[in-house]
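What follows is one structure encoded as structure tokens, with my remarks underneath.
The values are calculated or read from the model by the stated rules, or taken from the named source; none is laboratory data. Quantities reported herein were computed from a predicted structural model and do not represent experimental measurements. So basically every Cβ, Gly included, is an ideal-geometry build from the backbone, and we count neighbours across all protein chains shown. These area figures cover heavy atoms from the full protein model, side chains too; ligands, DNA and RNA do not enter into them. Shrake-Rupley method; radii C 1.70, N 1.55, O 1.52, S 1.80 Å.
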Amino acid sequence: MRAVGLALALLLAGQADAQVPRQAPDPALKLAQQALAAGDYVKAYREYERHGADSPLAQFTLGLFEREGWGRPANPVAACAWFDKAAAANVPAAQQFVGDCFAQGIGRAVDGQAAVQWYRKAGASGIYAALCSAGELYLSGRIVDKNVQEGLALCTAAAQAESPPAMLRLADLYRAGTQVPQDLKLARYWYEQAAQRHNHEAQFRLGVMLSEGDGGPADVTQARFWLEHAAAEGYAPAYLPTAVLYANAPVDPHTGALTPNDLAKVYMWNRAAKGVTTNPLQLADIARIDGMVLAVMPAQWQPDLDRKVADHLAKFPPAQSH
């Protein structure tokens, strides 16, 4: 089902963003789509290949098979060949991928101008993040002439067109201050825009900026909200910071200790962090927090909280958490 979602989302995203009516499903591809939904990659590939000469959707999906390695070794050159066909038939996501093929020199010579041209076509078709891909080529100056003003304008246009990946990238650019002048206020603004549109990395970075007072006043309550939001959706880097913020929550004035809810949250997010990291420094912090929590947390809580942590990690395995 993940493969189906990726294929259809990438194919139709530009049309949806551009408010153009979606194409009706191709009845000829019904068997292929059913096989793909069932995870039968061999049958699905065979069925898509039968229609690869004349169906842009089949061409695009065959490109995804080769690019992602669904049921076969990944073959970037073959993927780009299929994307070429689908892009020529005006499949928006294929146009973006062809831009990647030219930018990376996959199955062809590196050609920055061709990459920019395809990224712009994808952007005009509604894949707005592709505009920022073009912008990054101008910002780096690696395969096209460097033009910081044009690069920043393209990424800004993509972000203003409601592309969360472009919002995230624009925020990263302003936060780092290496390719464009640093502006932490704008970085925080664009992280917030992307966070509100469910980008988990942006939620994490916004939470960190809010906790540290970067780009504006510190707001620990909002920082915890965004970090826990990302953590709850399986974004593993947010686990330990969320535990730390709960550990530093205001104490109950009647007991002088953390509230039961906050104490449980410290334990759970700290244990979740332990389940996904191999970083020695993080593991040392996790062990220290764990020791403090276990010293005050009622022992009878532990089995239920451990079950909740296990359920969360099963839902979001480490390989899918980033």
Inset, instruction - Tell me which residues, restricted to the stretch 227-281, are outside any helix (DSSP H, G or I), surrounded by 14 or more Cβ atoms within 10 Å (Cβ to Cβ) and among the hydrophobic types (A, V, I, L, M, F, W, C). - result: A249, L258, V276
Legend entry - Where L154 falls short, out of the listed (1) surrounded by 23 or more Cβ atoms within 10 Å (Cβ to Cβ); (2) under 15 Å from the mean Cα position of the chain (by Cα); (3) under 18 Å from D183 (Cα atoms): (2)
Legend entry - Any chance A287 is under 26 Å from A314 (Cβ atoms) and either of a type in the set (D, E) or part of a helix (DSSP H, G or I) (or both): yes
Inset, instruction - Would you be able to say whether some residue in the stretch 212-226 is open to solvent by less than 60 Å² (accessible area, probe 1.4 Å) and within 17 Å of the chain's Cα centre (by Cα)? - result: yes
Legend entry - Any chance E192 is acidic (D, E) and in contact (Cβ under 8 Å) with a residue 60 or more places away in the chain: no
Inset, instruction - Six or more apart or on different chains, Cβ under 6 Å: which pairs go from a residue in the stretch 291-315 that's farther than 24 Å from A230 by Cβ and open to solvent by less than 80 Å² (accessible area, probe 1.4 Å) to one that's assigned to a helix (DSSP H, G or I) and not aromatic (F, W, Y)? Could you list them? - result: M297/L263
Inset, instruction - Report, by residue number, each residue of the stretch 117-136 that is more than 20 Å from the chain's Cα centre (by Cα) and either surrounded by 23 or more Cβ atoms within 10 Å (Cβ to Cβ) or acidic (D, E) (or both). - result: W118, S125
Legend entry - Selection from the stretch 166-211 of residues that are open to solvent by 50 Å² or more (accessible area, probe 1.4 Å), more than 14 Å from the chain's Cα centre (by Cα) and either more than 24 Å from A243 (Cα to Cα) or of a type in the set (F, W, Y) (or both): R175, A176, T178, Q179, P181, Q182, D183, L184, K185, L186, Y189
Legend entry - From A295, A273, A287, residue being modelled with pLDDT of 95 or more, among the hydrophobic types (A, V, I, L, M, F, W, C) and under 27 Å from the mean Cα position of the chain (by Cα): A273
Legend entry - Residue check, A87 crowded, with 20+ Cβ neighbours inside 10 Å, touching a Leu at 6+ places or on another chain (Cβ under 6 Å) and closer than 27 Å to D40 by Cα: no
Inset, instruction - Would you point out the residue of the stretch 42-60, among those that are part of a loop (DSSP other than H, G, I, E, B) and open to solvent by less than 20 Å² (accessible area, probe 1.4 Å), that is farthest from A89 (Cα to Cα)? - result: G52
Inset, instruction - Considering only the stretch 103-146, state which residues are among the hydroxyl-bearing types (S, T, Y) and farther than 21 Å from A171 by Cα. - result: S125
Inset, instruction - Scan the stretch 159-181 residue by residue and report those that are touching a helix residue (DSSP H, G or I) at 6+ places or on another chain (Cβ under 7 Å) and farther than 27 Å from A236 by Cα. - result: Q179, V180
Legend entry - Answer from G14, G39, G63, G99 - the residue that is assigned to a loop (DSSP other than H, G, I, E, B) and either buried (at least 20 other Cβ atoms within 10 Å of the Cβ) or at pLDDT 95 or above (or both): G39
Inset, instruction - Starting from the stretch 78-93, take each residue that is under 17 Å from G123 (Cβ atoms) and in contact (Cβ under 8 Å) with a residue 40 or more places away in the chain and list its partners that are open to solvent by 30 Å² or more (accessible area, probe 1.4 Å) and aromatic (F, W, Y), counting only C-beta distances under 9 angstrom and pairs at least six apart or across chains. - result: none
Inset, instruction - State which residue is nearest to T259 (Cα to Cα) when the search covers only the stretch 299-322 and only residues that are modelled with pLDDT of 95 or more and touching a Leu at 6+ places or on another chain (Cβ under 9 Å). - result: W301
